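Derivation of every value follows stated rules applied to the coordinates shown; laboratory data play no part. Just so we're clear, the structure is a prediction, and the values are computed from it rather than from any experiment. Methodologically, a virtual Cβ is constructed for each residue, glycine included, from the backbone with ideal geometry; neighbour enumeration extends over all protein chains shown.
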Protein chains: 4
Amino acid sequence: MSTPIESETTQVSRYEPFELPETGRLIGFSDAAFSIIITLLVLEIHRPQAAPGHLGAELLAEWASYAAYAVAFIYVGVIWLNHHYMIDRICKIDPSFNWINLGIVGTTALIPFSTGVLADAFREGDLADQKAAALLYALIAAMMSAAWIPAFRYLYRHPELMKPHLPRTVFVAQVLRPVIGIGLYAIAAALGWFVHPLLAVAIFVAVVALYAWTSQGIHAGR
Amino acid sequence: MSTPIESETTQVSRYEPFELPETGRLIGFSDAAFSIIITLLVLEIHRPQAAPGHLGAELLAEWASYAAYAVAFIYVGVIWLNHHYMIDRICKIDPSFNWINLGIVGTTALIPFSTGVLADAFREGDLADQKAAALLYALIAAMMSAAWIPAFRYLYRHPELMKPHLPRTVFVAQVLRPVIGIGLYAIAAALGWFVHPLLAVAIFVAVVALYAWTSQGIHAGR
Amino acid sequence: MSTPIESETTQVSRYEPFELPETGRLIGFSDAAFSIIITLLVLEIHRPQAAPGHLGAELLAEWASYAAYAVAFIYVGVIWLNHHYMIDRICKIDPSFNWINLGIVGTTALIPFSTGVLADAFREGDLADQKAAALLYALIAAMMSAAWIPAFRYLYRHPELMKPHLPRTVFVAQVLRPVIGIGLYAIAAALGWFVHPLLAVAIFVAVVALYAWTSQGIHAGR
Amino acid sequence: MSTPIESETTQVSRYEPFELPETGRLIGFSDAAFSIIITLLVLEIHRPQAAPGHLGAELLAEWASYAAYAVAFIYVGVIWLNHHYMIDRICKIDPSFNWINLGIVGTTALIPFSTGVLADAFREGDLADQKAAALLYALIAAMMSAAWIPAFRYLYRHPELMKPHLPRTVFVAQVLRPVIGIGLYAIAAALGWFVHPLLAVAIFVAVVALYAWTSQGIHAGR
């Protein structure tokens, strides 16, 4: 800002969109979306319509809603941390990457739906309903995991989007996580359908724990 | 920040609102709104109130909801990308442009409503209901497209809002897109009403695809 | 950034919160809140639960919902523009002003409630219900207007929060707008209760138009 | 940006995520979440389903909803101010602190649920329901307070996250506030269960007032 020439250079680099790192709006849009998803989860906690005098018992009977909220909240939290981790390593965005990011946001936005259906099935449904709900959850969760694979692949083929000094292989290990997740969701769907839906739910919780654990691990081991 | 004079200059350019590019708040407001719209769509996915044992069948019967969610999600995604594209080329905002932008956001916010009515009509309504819902959708979608025309016109007449080095004709081609969209929505309304509402739905999907396609095309061909 | 000393100075001014203009978070918080309020309005549009074959007629019967949405959307838009206008002239925030700002956001957040009650009363209620709903709306709208008065008063007594070069009288004229608004809402409440609620509604629309008009006027006449 | 060396330095400090203060995204995410929570509260205001002619009486009967909205709104406002205060003193974020922050956001997001259950119990439930609702509220509010303790502890053990010139003891006094809050919520739960739920509600309101008061006090006494 000390000489006119420098000032003009700064101005061009600020006003010329075609050269600019554009992560700002992608971050603003995604952060707002993740915040909304994580906050809408609380609307999925079933509010008891108890007959007078039975609210306490009804609230205790809602334990499946509370557990579902806690797990889904942690899940979206992990996804936000992963998104944070990925975007931190990017300095430019192109239209294709914006579409890939919309895929991540759009599948994540389904969590309140799949979580709500699952919690409802364990509160009100029979075994067949629980199987169907577990299958739906596994399918949506696998789609959520799958949405990350094109992101890592695209960045590998477009290292110009990544920050300097970063090897293009930085996300190669990361891609393992959604792949393992999809595999576990497939196993959960099969066990839930052919054996018992609670097995599927156990795996759903385990995958969130695994994602949470490896999210930390990758940060810690950098 | 090294000399008093420079410091004061910086301060003026930072603190004096009348000279300042003000895209920041317009972007923050619009991004939050688009995020909320795109996330509220998931609330429109019909949650089955199935009798015990029938959840699986009910979930399959909701295919219209899922398709509507996917199309509407892509639609809002395209609108966000278009908004991104337009604002990237602007460096100042005046009150009139803020109003125009509110028109874009306010019509986009109607998507969950028109999409929900359309999906409901195909799940529960008869042919007359589907015709009415298709007409409503076409009307709202045409309003959404129309809201972009004043933006392009205003920028053409106020090149001082646009970033330097950009020709004032930069949005002339863009204005074709909403005009074509309105035409197609008019055709959809007529075909949906006089022939069959599914024809209208096919055109609705085609317009989203067209918007998505040309959004990319304009970026790619720059 | 060219010498160590300068760099350190910059760092201090960036990391030391007690001296810093802090409008950033107030803006981020308020913009997100206004975006959510404006988008939640669409949830207030009554979705007809029509018997098969009657969707078209039911949609036409919802005209009060559509008009209420349009007016409320413009109202929140005006409030956002006013907020934009005020914060643009501020460079520092203190805790008291944060509380005042929460009052503005918290009363604005009631618009979907009062608008929904009013639209419901005109769709389903009788004359007594419409009077009660108009009274509620007038009360909440007067509170919304009143929330701005402490903001202008506080800034007048704390010119150190305002940007340099701005006279402390900059908001003196602005304070007239909420005062006039409160007066008109009082008249609307009286006419709506003692004469006819439609008179109140006419004044509600007129105040939004007046606010929209003067918002522009103040910007234009600066 | 005038010499290659300077330019590279700037670029490294801007593009290298491992060294960078990362409060930006944490702030964006948290502000959006608090905005949504505070705005969703209005959805908890019970909309009367009055028979024609009874809307006025029904609206007056909803006083518990209005009071609950006001208190909860102020509560979230205080939490936002506290969050603002804490993050203002931080310049770096690590993954552990992101998790701690998610705990704060995730427990705060439960306010609309616990507030809604409490207001419902006082409108429609009997004494046993009110006791159960007060217990739930006390439990969730204690969790909300508890979520802040690890934040202060972690910052004490990781002064490298805090802004320079700040003593590591800056949050030692702050940790008293959630501890006192938890104690008061325990007393409220006991009094509400064994004596009368209205005593619990009185303490709930008092804690919000205390939090609001000390939030100001700490700012004022710096």
Find the eigenvalues of the gyration tensor of the Cα atoms of the protein assembly as shown, then list the square roots of 5 times those eigenvalues as equivalent ellipsoid semi-axes, largest first, in whole angstrom.
38, 34, 34
Cα centroid distance between the range A:96-141 and the range D:159-174, in Å?
42
List the residues whose amide H sits under 5 Å from the amide H of A:I90, counting only those 5 or more places along or on another chain, with H placed 1.01 Å from N in the peptide plane.
A:K163
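Taking every residue in A:171-184, how many Cβ atoms of other protein chains lie within 10 Å of its Cβ, on average? Intermediate values should be presented prior to the final figure.
On the way: counts 0, 0, 0, 0, 0, 0, 0, 0, 0, 0, 0, 0, 0, 0.
Mean inter-chain Cβ contacts per residue within 10 Å come to 0.
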Report, in whole Å, the centroid distance computed from the Cα atoms of the range D:62-78 and the range C:31-79.
25
If I take the rotation axis that carries chain B onto chain C, which residue of chain B has the nearest beta-carbon, and at how many angstrom?
B:A32, 3
For the protein assembly as shown, please report how many Lys pairs fall under 23 Å Cα to Cα, leaving out neighbours fewer than 8 apart on the same chain.
12
Positive-end extreme of charge dipole, chain C - chosen from C:A147, C:P178, C:T107 (charges on Cβ):
C:P178
How large is ³J(HN,Hα) for each residue in the range D:74-91, as worked out from phi by the Karplus curve 6.51 cos²θ - 1.76 cosθ + 1.60 (θ = phi - 60°), to whole Hz, x for Gly and Pro?
5, 4, 5, x, 4, 4, 4, 4, 5, 4, 3, 4, 5, 5, 4, 9, 10, 10
Note, the range A:111-116: 3J(HN,Hα) by Karplus (6.51, -1.76, 1.60, θ = phi - 60°), whole Hz, Gly/Pro = x, goes 4, x, 5, 5, 5, x
Provide an ascending nm list, one decimal, of label-point separations from D:L127 to the equivalent residue in each further copy; define each label point as 7 Å from Cα along Cα→Cβ.
4.5, 4.5, 6.4
Pseudo-label separations to other copies for B:E160 - Cα-to-Cβ vector, 7 Å, nm
3.6, 3.7, 5.2
Residues of C:93-100, mean number of Cβ from any other protein chain within 10 Å of their own Cβ, rounded to a whole number?
4
Inter-copy distances for B:H196, label 7 Å out on the Cα-Cβ vector, sorted ascending, nm, one decimal, are 4.9, 4.9, 6.9
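Sort D:Y75, C:Y85, D:Y156 so that the residue with the fewest other Cβ atoms within 10 Å of its own Cβ comes first and the one with the most comes last.
Working: D:Y75 25, C:Y85 18, D:Y156 15.
Going from least to most buried by this count: D:Y156, C:Y85, D:Y75.
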Gaussian network model of chain C, Cα within-10 Å springs - most flexible of C:R177, C:R25, C:R89:
C:R25
Can you give the charge dipole size of the range C:23-220 about its Cα centre, rounded to the nearest 20 debye, using +1 on the beta carbon of Lys and Arg and -1 on the beta carbon of Asp and Glu?
840
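At a 10 Å Cβ-Cβ cut-off, how would you order D:T214, A:T108, fewest neighbours first?
Numbers: D:T214 19, A:T108 25.
By the 10 Å Cβ count, ascending, the order reads D:T214, A:T108.
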Just how large is the dipole of the protein assembly as shown about the Cα centre, in debye to the nearest 20, putting +1 at every Lys and Arg Cβ and -1 at every Asp and Glu Cβ?
1140
What ³J(HN,Hα) values, in whole Hz, does the Karplus curve 6.51 cos²θ - 1.76 cosθ + 1.60 give for the range B:135-140 when θ = phi - 60°, with x put for Gly and Pro?
4, 4, 4, 4, 5, 5
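How big is the Cα convex hull of chain A in projection, averaged over all directions, in nm²? Mind showing how you got there, number by number?
Details: hull surface 64.0 nm².
Mean projected area of the Cα convex hull: 16.0 nm².
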Within 10 Å of each Cβ in D:70-78, how many Cβ atoms from other chains are there, averaged over the peptide?
3
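222 nm [θ] for chain A, helices only, -39500 (n - 2.57) per DSSP H run of 4+, per residue, to 500?
Values: 10 runs with 163 residues, N = 222.
Helix-only estimate at 222 nm: -24500 deg cm²/dmol.
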Under 5 Å between amide hydrogens, which residues at least 5 positions from C:G53 or on another chain qualify, with H placed 1.01 Å from N in the peptide plane?
B:D126, B:D129
Short to long, in 10 Å steps from zero, the percent of alpha-carbon pairs of the range D:115-177 per bin is 20, 30, 18, 17, 12, 2
Rounded if a/c is under 1.5, else prolate if a/b beats b/c, else oblate: with a ≥ b ≥ c from the C-alpha gyration tensor eigenvalues square-rooted, which is the range A:94-222?
prolate
